[in-house]
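I have placed the structure first, in the form of structure tokens, so that the comments after it can refer back to it.
What follows is calculated from the coordinates using simple rules that are stated; it is not laboratory data. Computed from a predicted model, the values in this text were never measured in an experiment. Cβ placement follows ideal geometry from the backbone for every residue including glycine, while neighbour counts extend to all protein chains displayed.
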Amino acid sequence: MDLEAVRTFVAVVDSGRFQEAAADLSITQQAVSKRVAVLEKDLGVRLFTRTARGARLTIDGQAFLPHARELLRAAERAADSVRPGRRALRVDVLGSRLAPSALLREFHRAHPDVDLDVVTLFDAATALAELAAGTIDATFRAVTAPGLQLPEGIEAAPALDEPHELLTGPGHALADARSVTPAELLGHRIWIPGIVPGTEWAAYYDDLATAFGLGIESTGPNFGIEGLLEVVADSTAVASLVGAQTRLVWPTGCDLRRIPVLDPTPVYPHYLLWHRDNTHPALALLRRHLAVLPSGPQPVWKPDWAR
């Protein structure tokens, strides 16, 4: 159905005259008459009768009017859904408990008027494909992981170097330490289940283990973060590494420790990625927000491929 014809029909109803509708729409009266005639032909009914006082709706015109108004409202909603500044900014994060989600929560607190649509995609390759296709506005990723190529038009900027902490139960040998160094982790079992080969986080942990000679294990079933916490809490030998901004809720009865790793601090390099042609005003606002975030502890370690 021709929405311009529908819009013209509603304008005639609201003004009561073809001439006034023409003035409201900035077109000629002849154009108004032609649009209404085409609409009547498409519908197979007369919508108006002309009188000395103007245009009067027929019974069919009265029946059609509420649907015509709803068509125009639906068209406006459809346009708003993709119009920059009117639709929500769609941002991908690796997980709802991880640092990028915390960054977005801080951004939302600073700019509560900005609508956010937060999605979770599995890996960097998927996120970059969605970014290039325009189905998301931005993603947080470790963009320079080995073998990862940025599609044409995709840009990236540092968002956060997230420090790692050692997670232990109360019976672990390092449980009472106020901080540890990577050298002090030698010989300790560090369990991080769910590391998937070929992902950016697998590349990060491979390089971390190689750089400091750490025994990072990913074997065994992955029952999620709650399962990891229960194992670490009950063990005197198994510890794990978690991001400093990763949100953890202890299961009932678990007594866990989060111990800073210093001299140097391993940091996970989060970047914000977006398409250079994206003009959503909230994207520019998010980029400015991330550009002034404070830096973390020094000195730090991150992989050679992290820019």
Checklist entry - Modelled label-to-label distance, D42 and E70, 7 Å Cα→beta-carbon offset: nm? => result 1.7
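Report the calculated FRET efficiency for D263 and A129 (r = Cβ-Cβ distance, R0 = 35 Å), to the nearest 0.05. Each step should come with its number before you reach the end.
Values: r = 39 Å, r/R0 = 1.12.
E between D263 and A129, to the nearest 0.05, is 0.35.
How do the peptides 190-202, 94-106, 60-72 rank, highest first, by the average count of neighbouring beta carbon atoms within 10 Å per residue?
On the way: 190-202: 16.9, 94-106: 18.6, 60-72: 14.8.
Per-residue Cβ counts within 10 Å, averaged per peptide and sorted highest first, yield 94-106, 190-202, 60-72.
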Item to check | Distance between the stretch 41-65 and the stretch 149-182 - C-alpha centres, whole angstrom | outcome: 69
Item to check | DSSP beta bridges in the chain [antiparallel fraction, %, rounded to 5] | outcome: 60
Checklist entry - Hey, what do the phi angles of the stretch 122-131 turn into as Karplus ³J(HN,Hα) couplings, whole Hz, using 6.51/-1.76/1.60 and θ = phi - 60°, x for Gly and Pro? => result 6, 9, 5, 4, 5, 4, 5, 5, 5, 5
Checklist entry - What nm value, rounded to one decimal, do you get for the distance between F122 and E226 when each label is placed 7 Å out toward the C-beta? => result 2.4
Checklist entry - Within the stretch 108-143, whose backbone N sits under 11 Å from a point 7 Å along Cα→Cβ of A156? => result 124-125, 128, 140-143
Checklist entry - Projected onto the charge dipole of the chain (+1 at Lys/Arg Cβ, -1 at Asp/Glu Cβ, origin at the Cα centre), which of G243, V36, S101 gives the Cα projection farthest towards the positive end? => result V36
Item to check | Theoretical ellipticity at 222 nm over the chain - DSSP helices of four or more residues, -39500 (n - 2.57) apiece, nearest 500 | outcome: -12000 deg cm²/dmol
Next on the checklist: How tilted is helix 281-291 with respect to the longest principal axis of the chain? Cα atoms for both, answer in degrees (0 to 90, nearest 10).
Outcome noted: 20
Item to check | FRET E, pair E217, R97, Förster distance 25 Å, beta-carbon r, rounded to 0.05 | outcome: 0.75
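For A177 and D255, compute 0.36 nm times the residue count separating them, minus their Cα-Cα distance, and round to one decimal in nm. Could you put the intermediate results ahead of the total?
On the way: separation 78, 0.36 × 78 = 28.08 nm, distance 1.50 nm.
Extra length from A177 to D255 when fully extended: 26.6 nm.
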Checklist entry - Size of the stretch 1-142 along its principal axes in angstrom, Cα-based, largest extent first? => result 71, 30, 26
Next on the checklist: Using all alpha carbons of the stretch 3-82, what is the percent of pairwise distances in each 5 Å bin, ordered from the shortest bin to the longest?
Outcome noted: 3, 16, 27, 26, 17, 8, 3, 1, 0
Item to check | For Y204, Y268, order by how many other beta-carbon atoms lie within 10 Å, fewest first | outcome: Y204, Y268
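Determine the gain in length on full extension of the stretch Q62-E184; use 0.36 nm per residue of separation and subtract their C-alpha separation, reporting nm with one decimal.
On the way: separation 122, 0.36 × 122 = 43.92 nm, distance 8.14 nm.
Net length gain for the segment: 35.8 nm.
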Checklist entry - Can you give the three extents of the C-alpha atoms in the stretch 89-301 along their principal axes, from longest to shortest, in whole Å? => result 53, 36, 34
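Report the extension gain between E106 and A88 in nm, rounded to one decimal, defined as 0.36 nm multiplied by the number of residues separating them, less their alpha carbon distance.
Working: separation 18, 0.36 × 18 = 6.48 nm, distance 1.67 nm.
Gain on extension, E106 to A88, equals 4.8 nm.
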